[in-house]
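As structure tokens, the structure follows; a few thoughts come after it.
Nothing in this text is a laboratory measurement; each read-out follows from the coordinates by a stated rule. Just so it is clear, the structure is predicted and the values come from calculations on it, not from any experiment. All Cβ positions, even for glycine, are placed from backbone atoms using ideal geometry, and neighbour counts span all protein chains on display.
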There are 6 protein chains.
Amino acid sequence: MKISARNILDGRIVALTKGATTAHVRLEIAGGAIVTASITNEAVDELGLAVGSLASAVIKSSDVMIAVD
Amino acid sequence: MKISARNILDGRIVALTKGATTAHVRLEIAGGAIVTASITNEAVDELGLAVGSLASAVIKSSDVMIAVD
Amino acid sequence: MKISARNILDGRIVALTKGATTAHVRLEIAGGAIVTASITNEAVDELGLAVGSLASAVIKSSDVMIAVD
Amino acid sequence: MKISARNILDGRIVALTKGATTAHVRLEIAGGAIVTASITNEAVDELGLAVGSLASAVIKSSDVMIAVD
Amino acid sequence: MKISARNILDGRIVALTKGATTAHVRLEIAGGAIVTASITNEAVDELGLAVGSLASAVIKSSDVMIAVD
Amino acid sequence: MKISARNILDGRIVALTKGATTAHVRLEIAGGAIVTASITNEAVDELGLAVGSLASAVIKSSDVMIAVD
């Protein structure tokens, strides 16, 4: 599957916390930055996500803001 | 200003394209990945964004998806 | 690629309008409903989208609201 | 109320799961596709949502991505 | 139509700028704050929006961030 | 930090509910309207949010819809 989202950041899962319906997944990407995703528990199970898995963060460009100091 | 968004990825602007109302800003972050943001032309002007500027990509965790091959 | 987004609606592109930076893609999905996506012109070109192409609408569940009459 | 969101997909609620603060609502739309929404428990109560209710999925076009195989 | 989005801020349109496909609508809400919406030109036409129209800004709570100084 | 998001609505926190991973924060803004944000518990702790705190709601314009009666 190729997707229109402009941001696909490859990395490895370093933490995964499941809530009642929503899970938080922390991915270490190239350069060492950590990206946090908030996805459904169902998606975690369906994709078989676990700490150590290779995965990518996918982000639509319209969801990215820019900040300056 | 400190913000609740969990993802703040520092980088440098490497490309900036203004449309009629919407601009696309491409930021090179640590590790060399490129992040594309779609923001208003007004924000580009107000923040004084230009190619070469230091800037950060700010992304709410609920806007981040996870994909696996 | 498998993705955490819970909504993947298969269909066929019935209309495609490019703006200065942003394109609107209209997809007819099963049952005849039309789904409109707003994506970058770059994504349209990279995915080779055209009227008549088979494609899917991908939507994160946290971006879906529910309404009742 | 008429809303600017371009996507209003009519259907019937087929599943509803409440978490601590967030609920997942699954809606069967025309053609049989299932759309999942992640909304607040408060909204579920206020709209009186229940399995079997007629409801619509409302989605802003800037939240819809396009994917191709 | 009642909607699950938790934020419905009533106001009056004070500015409206159409781009090639995307329009920016500025709404003055109670207390004088200005809210900017980025919607499709199609929605502007369909809803008959114009400067001076009464309208509401509708925002899903998962799209609202919190910041502190 | 200056951010590209067009909507920064200053107010005071009037309610805060933590779920398993996601918290709901209700902010009273100028004019008395209440804005609800859905953010991570982690952000609540990191920003030291509590009922009575001064805070701002930050919203990207592409996440704001317009509705009319």
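Within segment A:27-42, being under 17 Å from C:Ser62 (Cβ atoms) and more than 7 Å from chain B (Cβ to nearest Cβ) holds for A:Thr40, A:Asn41, A:Glu42. Could you run through segment A:1-15 and say how many residues are buried (at least 19 other Cβ atoms within 10 Å of the Cβ) and away from chain D (no Cβ under 14 Å)? Of the residues in segment A:1-15, 3 are buried (at least 19 other Cβ atoms within 10 Å of the Cβ) and away from chain D (no Cβ under 14 Å).
Tell me whether segment D:53-61 contains one or more residues that are in contact with a Gly (Cβ under 8 Å, 6 or more places away or on another chain), without any contact (Cβ under 8 Å) to a residue 24 or more places away in the chain, surrounded by 15 or more Cβ atoms within 10 Å (Cβ to Cβ) and not acidic (Asp, Glu).
No; the residues of segment D:53-61 include none that is in contact with a Gly (Cβ under 8 Å, 6 or more places away or on another chain), without any contact (Cβ under 8 Å) to a residue 24 or more places away in the chain, surrounded by 15 or more Cβ atoms within 10 Å (Cβ to Cβ) and not acidic (Asp, Glu).
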